[in-house]
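Reviewing the structure listed below.
The values are calculated or read from the model by the stated rules, or taken from the named source; none is laboratory data. If you're wondering where the values come from, they're calculated on a predicted model, not measured in any experiment. Virtual Cβ from ideal backbone geometry, glycine too; neighbours counted across all protein chains shown. We work out accessible area using only protein heavy atoms, side chains counted, and drop any ligands, DNA or RNA first. Shrake-Rupley method; radii C 1.70, N 1.55, O 1.52, S 1.80 Å.
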Amino acid sequence: MQTKFQQRYQQLASKLGPLNYGDLTPPRPPVQPDPAPCSPVAIDIAAAIREADDDPAVAAARLLGSLPPAAALAQLFLTRVPAASLGEGAQAVRAQLPLSGGVVVPFADALIPSAAPSLRAFIESVQSRAVRCTGVPALVAVEFEGGLLNALPHLVSHFPSALSLGATNSPELIHRAGFALGSELAALGFNTLVGPVVDVAVAGVTNVVARTFGSTPELVERSATAFLKGLVRAGIVPIIKSFPGPYIVGKAVALDSVATNAAHYKTFASYGVPAVMVSHVNVLIDETNPTTFFPALLVPAVVTGALRDSLGFKKVTVSDYLDYISPWQAPARSVLQMASLALLAGCDMLSFSDPTRWRLRTSSRQQTCSAT
């Protein structure tokens with residue numbers, strides 16, 4: 001007997017027609033004009049891409065090289081915005097948000113279906129400001145993992161958890177679930193999803209539960225790949241998470257086992273997944289000394305050594321929220337110091353859950369990023 005979920009997506013399948021998986025190359029976000037008060041940056045993105053012969057790395061370097069220092073610096077940040085900035089009449093709150101390369105819309109239970117226009121207006125204002133002030137469209141993301149973790153429960157359909165999807169053992173069904181979710185997010189104006197979780201569930205692990213697709217690398221690879229292709233087909237850039245994988249509360253991950261335990265990330269790297277989020281799970285640097293642990297996203301041997309060099313990931317690495325790191329994980333270190341360490345470790349973008357923790361300061365003499 002078919003479940004309601006299976007019936008729903010079989011109906012969707014009949015409307016979609018035959019699949020064309022394509023690859024995992026992320027789409028380019030739309031460019032929109034904006035009358036926001038800031039110094040405009042005149043950059044022809046399409047021309048930059050053409051001149052780079054469609055090499056994204058070369059195009060990105062050319063674009064960043066053309067930006068004013070503060071605008072280029074803004075591309076480093078992915079910041080979660082306060083819920084107060086999403087509703088009607090929130091222009092004053094939005095004006096105080098720091099300029100960044102991307103924003104993450106928070107869990108917003110209060111947004112009812114009639115609030116969809118307000119949410120779209122917020123996203124349009126973010127994109128307009130980004131294009132006008134930096135010449136580069138912003139990543140506009142949401143954290144969504146299905147099941148109980150739906151950031152927009154009244155605006156987006158309730159989708160099964162990753163574990164439920166993986167249990168169907170149907171890449172076709174999972175692909176269509178990813179496409180359906182991506183289509184709904186794109187309709188609201190999003191172009192990025194912080195997800196899915198591609199960790200492998202391990203006995204005793206408490207931080208993944210139903211958030212991952214299964215307990216074997218093969219099942220996770222097969223299911224996550226189908227879901228990712230659905231997202232990309234709908235125009236959504238996925239940021240898979242969270243390298244180097246799950247953890248057991250009270251225990252640190254041994255440094256020399258990181259690449260081995262997360263070997264399935266090599267598959268996602270070979271498929272061209274555009275971005276990976278690196279977590280602040282504790283990594284034990286010296287196994288002879290149990291006190292020598294450090295958050296993974298601050299360890300060069302994890303981000304550069306394991307993820308890039310050993311597993312071959314060459315695209316964008318995104319830090320988990322830096323202001324989520326506990327004082328006992330990185331004692332006596334400011335947010336600015338941890339941001340510097342994350343960059344040195346190999347992270348390309350830095351995430352903050354609270355935009356008031358950092359801001360861009362610009363003057364005629366200097367452009368700096370400082371933590372407050």
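All but one of (1) open to solvent by 30 Å² or more (accessible area, probe 1.4 Å); (2) assigned to a loop (DSSP other than H, G, I, E, B) hold for Val200; which doesn't?
Against the list (1) open to solvent by 30 Å² or more (accessible area, probe 1.4 Å); (2) assigned to a loop (DSSP other than H, G, I, E, B), Val200 comes up short only on (1).
Can you tell which of Leu343, Leu350 is in a helix (DSSP H, G or I), closer than 25 Å to Leu64 by Cα and touching a strand residue (DSSP E or B) at 6+ places or on another chain (Cβ under 8 Å)?
The conditions single out Leu343.
Which numbered condition trips up Phe313, out of (1) at pLDDT 90 or above; (2) not in a loop (DSSP other than H, G, I, E, B)?
It fails just one condition, (2).
Please list, ordered by residue number, the strands (runs of 3 or more DSSP E) wholly in segment 264-304 having 2 or more residues that are touching a residue at least 60 places away in the same chain (Cβ under 8 Å).
Those strands (runs of 3 or more DSSP E) span 275-278.
When you look at Ala259, is it open to solvent by 20 Å² or more (accessible area, probe 1.4 Å) and under 18 Å from Gly346 (Cβ atoms), yes or no?
Judged against the criteria, Ala259 is a match.
Sort out which residues of segment 275-334 are open to solvent by 40 Å² or more (accessible area, probe 1.4 Å) and aliphatic (A, V, I, L, M), and write them in order of number.
Passing the criteria: Ile285, Ala301, Val316, Ala332.
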